[in-house]
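The values are calculated or read from the model by the stated rules, or taken from the named source; none is laboratory data. Predicted, not measured: the structure shown is a model, and the values here were computed from it. Here the Cβ is made from the backbone with ideal geometry for all residues, glycine too, and neighbour counts use every protein chain on show.
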């Protein structure tokens, strides 16, 4: 079942097209990565999902029916550009913002208390926001985003500005929330966190989606039939002995051992391994699966060239 | 609870709890009370002191004249606080030399050529008050006038009989009958009301703008806007601050009244028949809705000697203004004017990134407001003129100009018409501002022009 569907969304601002015929399907319970270079249209799409702006054309569905105004109560959004009232007390602020998300005063109080205890920050309750460090403020912002227990959580660059410990804490909280049934849209430039967290992605460039799908299938789709082999003999033994089916992309000396990147022209990895074993002493052998970082760069550059 | 209400509540509570609000609430009334009491108090201090002015007369040959030759002896009448001592054969230089020890307030020097040179001199180490100067001038003028007439053999009786003293009393016809009124007082009240509205619109309108710029630069708006519609956020802020303004003004009125009443009763318990003290306090107690004066005051009034009748006259005039009506219209036009301008302030706040960028968009706000303030002088002089009428109908100037006209008892339909137009314009302006606002609050780092704002009016959501 899909929690959120955007169909053929287009949005034009006075002098540029922010989104062109964009469709996104977000499966229930997934952590969905929304990727793309700066200015590609991600924030506009997120604002449309949050009903901050409306699309010019296209339709939006939430839980199988058309998105309606009340659905904002079921969405939690942590924008990239985020802030708090600096002069307001932390506790009051959390309660105020969650009441704006439709919680009653009692619920808001009770749930705020729960999260403050969970993060062990009860003593921040009466402090003014300006007394908190940036990292502390981000924790508060995270609490505000999730407090009303929405079905759909949207995080725009959630880890920027977090130290590794807090980033890890946050990551685990996100995974926890997903395990409890929430669906997460995750927009970031940090590709390693995409590989780590996301099950599906969409890549937006210049207002269009240029790549989408399950992250594992995308990565195997971008395999270039390249293998990395580490061996302990002379490099010459390899370069001279390798058959024409395979070509060496790169070969180097590394920490007393040799490492080569070899591409298959024809045949399979097994045939390459057989060939290698007959030539050198193989220490390790593995297929090179491209990282999301490489795929991102490759796909965006291709699409920019095509445009 | 409705979300707009939540926004209103937050805006109101955070501001009312601020130190600056509390300080302003206390300082304001102290200042107002001081403005009302201190001038009267100073006047009473000054008046109680009996002053003696020495008069010397010089002949046309520029010599001091002996008693027998003094032309102006006993010409200037004494007043409650002024006495004149005529010094024959006394040189001006001698007086000057011994001035400090002599205890004279001033020395009046009358050369006998005054009959054609028309000039006397008043010497003092202090600056003598205008009242003193006027008193001397009119006495000598009158004496010389009579002297001149007598040259034509007109008898003193004839002169005295011919002399009349005319005052024009302004009396207003009202439904309850006739009322003595004071044009001067109406002008003062009108100016004060208009000026206060001008200040308050700026002060609280700027708070709206600052609040919006703050939310924008904080980026909290990005978070809030997912749960509240931009219009709800904007109107919540405007209404919240309006309530802060009304609270502040109400506190000012109540506290000022309290302070002045307190001082008044203290003063009257101290010295009951001191008439001079009556003036300022009474002005206020009537202003505050005609609260009946306390008993000692009534007694004091009954004991007034006849030369205080003028003061009594002032009091009647002060009471002639309809303060309840003035107060109600004040609140009504402050609110309308504030709402109209707050909507404009909100649009500006949404379009800029920092408060320092405000300048380029402030003109549409400052020009009509300052224009209204400038025209107030004209309006106060001719409250019934066509221009005054239109200035009090056009919504951008009406809150200020109407306040200036109100004490002159203008027709009710004009007040109503002005009010209706003001509030309709406010609704229209809010709708336009909301369109600019919802685009503006999510725009960062862009230098916005008027052309851009105009385009935002037509953006689709």
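Observations on the model:
- Taking every residue in segment B:30-55 that is closer than 20 Å to residue B:253 by Cα and pairing it with any residue that is modelled with pLDDT under 70 and part of a loop (DSSP other than H, G, I, E, B), at least 6 positions away or on another chain, yields no pair with a Cβ-Cβ distance below 8 Å.
- Of residues in segment B:211-224 being within 7 Å of chain A (Cβ to nearest Cβ) and touching a helix residue (DSSP H, G or I) at 6+ places or on another chain (Cβ under 7 Å), the one surrounded by the fewest Cβ atoms within 10 Å (Cβ to Cβ): B:224
- Tally, over segment A:2-20, of residues that are touching a strand residue (DSSP E or B) at 6+ places or on another chain (Cβ under 9 Å) and either surrounded by fewer than 15 Cβ atoms within 10 Å (Cβ to Cβ) or without any contact (Cβ under 8 Å) to a residue 12 or more places away in the chain (or both): 1
- Some residue of segment B:136-155 being farther than 28 Å from residue B:122 by Cβ, surrounded by 12 or more Cβ atoms within 10 Å (Cβ to Cβ) and modelled with pLDDT under 75: no
- Scanning segment A:263-301 for residues that are within 30 Å of residue A:197 (Cα to Cα) and free of Cβ contacts under 8 Å to residues at least 40 places away in the same chain yields A:263, A:297, A:301.
- Evaluation of residue B:194 against (1) surrounded by fewer than 17 Cβ atoms within 10 Å (Cβ to Cβ); (2) in contact with a helix residue (DSSP H, G or I) (Cβ under 6 Å, 6 or more places away or on another chain) (one fails), failing number: (1)
- Segments classed as helices (runs of 4 or more DSSP H), wholly inside segment A:214-296, with at least 1 members that are closer than 30 Å to residue A:202 by Cβ: A:215-221
- Qualifying residue in segment A:29-38 (condition: surrounded by fewer than 16 Cβ atoms within 10 Å (Cβ to Cβ), in a strand (DSSP E or B) and at pLDDT below 90): no
- Test: residue A:174 is away from chain B (no Cβ under 14 Å), within 24 Å of residue A:26 (Cβ to Cβ) and in contact with a strand residue (DSSP E or B) (Cβ under 7 Å, 6 or more places away or on another chain): yes
- Boolean, residue B:440 is surrounded by fewer than 21 Cβ atoms within 10 Å (Cβ to Cβ), farther than 26 Å from residue B:327 by Cα and modelled with pLDDT under 95: no
- Test: residue B:236 is away from chain A (no Cβ under 14 Å) and either within 28 Å of residue B:328 (Cβ to Cβ) or in contact (Cβ under 8 Å) with a residue 40 or more places away in the chain (or both): no
- Applying the set (1) touching a strand residue (DSSP E or B) at 6+ places or on another chain (Cβ under 7 Å); (2) surrounded by 21 or more Cβ atoms within 10 Å (Cβ to Cβ); (3) under 19 Å from residue B:444 (Cα atoms); (4) within 11 Å of chain B (Cβ to nearest Cβ) to residue A:55 leaves exactly one unmet item: (3).
- Positions within segment A:124-156 being more than 10 Å from chain B (Cβ to nearest Cβ), over 23 Å from residue A:198 (Cα atoms) and touching a residue at least 12 places away in the same chain (Cβ under 8 Å), in sequence order: A:124, A:125, A:126, A:127, A:128, A:130, A:132, A:134, A:135, A:136, A:137, A:140
- Just one of the listed residues (B:65, B:75) is crowded, with 17+ Cβ neighbours inside 10 Å, more than 20 Å from residue B:132 (Cβ to Cβ) and in contact (Cβ under 8 Å) with a residue 40 or more places away in the chain, namely B:65.
- Meets criteria (outside any helix (DSSP H, G or I) and either more than 13 Å from every other protein chain (Cβ to nearest Cβ) or in contact (Cβ under 8 Å) with a residue 24 or more places away in the chain (or both)) for residue A:116: no
- Candidate set from segment B:424-461 (those that are within 17 Å of residue B:359 (Cβ to Cβ) and part of a helix (DSSP H, G or I)); member that is nearest to the other protein chains (Cβ to nearest Cβ): B:452
- Only one of the numbered conditions (1) within 22 Å of residue A:208 (Cα to Cα); (2) away from chain B (no Cβ under 14 Å); (3) surrounded by fewer than 18 Cβ atoms within 10 Å (Cβ to Cβ); (4) in contact (Cβ under 8 Å) with a residue 24 or more places away in the chain is not met by residue A:64, and that is (1).
- Condition check for residue A:90 on (1) at negative phi; (2) free of Cβ contacts under 8 Å to residues at least 24 places away in the same chain; (3) over 26 Å from the mean Cα position of the chain (by Cα); (4) away from every other protein chain (no Cβ under 11 Å): one failure, at (2).
- Any hit, segment A:97-113, residues being assigned to a loop (DSSP other than H, G, I, E, B), surrounded by 20 or more Cβ atoms within 10 Å (Cβ to Cβ) and either within 8 Å of chain B (Cβ to nearest Cβ) or in contact (Cβ under 8 Å) with a residue 40 or more places away in the chain (or both): yes
- Check on residue A:73, surrounded by fewer than 18 Cβ atoms within 10 Å (Cβ to Cβ) and within 11 Å of another protein chain (Cβ to nearest Cβ): yes
- Of the residues making up segment A:161-177, those that are within 17 Å of the chain's Cα centre (by Cα) and either surrounded by 18 or more Cβ atoms within 10 Å (Cβ to Cβ) or under 26 Å from residue A:95 (Cβ atoms) (or both) number 10.
- Comparison of B:389, B:396 shows that the only residue that is at pLDDT 90 or above, outside any helix (DSSP H, G or I) and away from chain A (no Cβ under 14 Å) is B:396.
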